[in-house]
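All remarks here apply to the structure that follows.
The values are calculated or read from the model by the stated rules, or taken from the named source; none is laboratory data. Only a predicted model underlies this, so the values are computations on that prediction, with no experimental measurement involved. Please note: Cβ atoms are built from the backbone with ideal geometry, for glycine as well, and neighbour counts cover all protein chains shown. Please note that ligands, DNA and RNA were not included when accessible areas were found on the heavy atoms of the full protein model with its side chains. Shrake-Rupley method; radii C 1.70, N 1.55, O 1.52, S 1.80 Å.
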Amino acid sequence: MSLSSCCNGAEIFSCHEMDSCDLDFPDIDLNGSAAPTPESTLKAGLDVNTRKKYMYAKKKAFALFVKELQTSTSPHTYQDIFIKWKCCGQDFRDLRTIHKHVAAQHATEVLHQTQKILEELVIAATSSLPCTDHLDITDASTELCWSSQKISDWLPDLKCYKIEDLKSEQGEVLLYYCYCDVCDPQWICDWQRTLCNLLYLTGKIRIASEGINGTVGGSKVSTKLYIDTMLSHPVFKQMCLEDFKRSDGGAHCFPDLRVGVFHEIVPMGVDPQKVSYKETATHLTPEEFHERVEQYLSASQEEKDTILLDCRNFYESRIGQFQNCLAPDIRKFSYFPNYVDQNLEFFKDKTVLMYCTGGIRCERGSAYLRSKAVCKEIYQLKGGIHKYLDQFPDGFFRGKLFVFDGRFTISSNDDIISTCRYCGTAWDKYKLCSTPQCCQLVLTCLKCHEGGLTACCPTCQEKGLKTQTNFCQQQFKEECECTKMRPKIPIEKV
């Protein structure tokens, strides 16, 4: 935590903005020739170290005051947006005139704000926080509490774009995550919701104190603006362009936009304070992972001390997976910790190569497996299957990549590794179970589907026929009877 991050109500300003402030207070004599002024009295009561920060605090207080006066028009088009300031019943259209007005008419208020900032700096300095005297204003600004700013300050400028550009059907879907410390998840949540609505993006975004996890769809103009805005925020400064996985799609891939604050950004069901993403396994690039898998596949049965572990659920691994992998028959990622606990002997002294769709489940999953201290080595595929397929579309991953949106799958090869639930024919296109109460996916080929076999199992099929007439009175369930009959946590043979 930096010294300046304790400034409650502080906003982030560039060096240029702060240096351009007019600070000619008419009632303040800096030469000391007149009677003591409020400013000179304030400065006289400061110790040497705090006095060094006075000019920084004064400029910041001035800039904060001006910022609070800022308003904007209600445009008919994005090109009509412009900034103005309103104070003392007057409208100001340029920065210099509002600066002069504040310096002439509001010196007392600015001085009070300066005193508050100085007090907060003193508190921070006495809290054994790292010294930032060596930082310039730009460095210090990046450490200020961004959550005290208006959400509108962190939105992209859309003056050069037409609404049609943002709403184009020709677009893409972004998949990304970032593990980092978030001090105000609700602010990030509100900002993300506003940002996505502004750019006409749909999708799902989870925010927690441990970071952010999202998949959003929209036009390519909108997704580019979204990425640029994300990368410009100090919370996500560790992210780069490569952290966003792209695939063909758009806003139509999701029914709506869902943004929320959660305890975990991926629901593993383990307290992030107990098993942190910071304890994750060694990351392998797609090239490194490919080489490791090649070595694993070429090794003889006697030499194999490696497990190629799929961290996804059975919906995903059923239609696409790496060759000769271990794909646990689990319904949810939240079952993964129990799966590890009940199969510790199986993992003992093994080298584990882990993978998932985009990499996020491996972050916490590998950390949990590492916490058990039974494996020889643990590695994970950086960027997940998404990034692997970008470089090895015809590599060791065969079949379709399951995605959590209306597309259900994306593919890089023509292999079909799954079969129809009813007749056993090669089939890999999911549909929702036709029973109103059931939310499971079913692999049913065209012939079986046309024959009325549209549910995930015979029991659900029969139940669905009985309840179609009073559908609106039924409540949805996550699991049907066929799921309940499947062992929740599979035990692997040692």
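General observations
- Förster radius 51 Å - calculated FRET efficiency between E462 and K159 (Cβ-Cβ, nearest 0.05): 0.30
- Pairs of Lys residues in region 322-436 that lie 8 or more places apart, or on two chains, and have C-alpha atoms under 17 angstrom apart add up to 7.
- The largest accessible area among R93, R486 belongs to the first residue in R93, R486, and the rest follow in falling order (1.4 Å probe, all chains).
- Relative contact order of region 329-454, taken over Cα pairs closer than 8 Å and 6 or more residues apart, is 15 percent.
- The share of accessible area on region 159-230 that comes from carbon and sulfur is 51 percent, using a 1.4 angstrom probe.
- Annotation: region 151-244 has a Kirkwood hydrodynamic radius of 13.4 angstrom, from the mean reciprocal C-alpha pair distance.
- When the trypsin sites (Lys or Arg not before Pro) in region 364-435 are filtered for DSSP coil states and for at most 12 other beta-carbon atoms within 10 Å of their beta-carbon, the remaining sites are K376.
- Whole-Å distance, taken between Cα centres, linking region 430-454 and region 315-363: 27
- The GluC sites (Glu not before Pro) of region 142-234 that DSSP puts in a loop, and whose beta carbon has at most 12 other beta carbons within 10 Å, are E169.
- If the convex hull is drawn through the Cα atoms of region 167-306, its volume per residue in Å³: 148
- Between Q323 and S148, the C-beta separation translates, for a Förster distance of 60 Å, into a calculated FRET efficiency of about 0.70.
- Accessible area (Å², 1.4 Å probe, nearest 10) - M485: 150
- In the complete set of protein chains, residue-level accessible area for M55 is approximately 90 Å², probe 1.4 angstrom.
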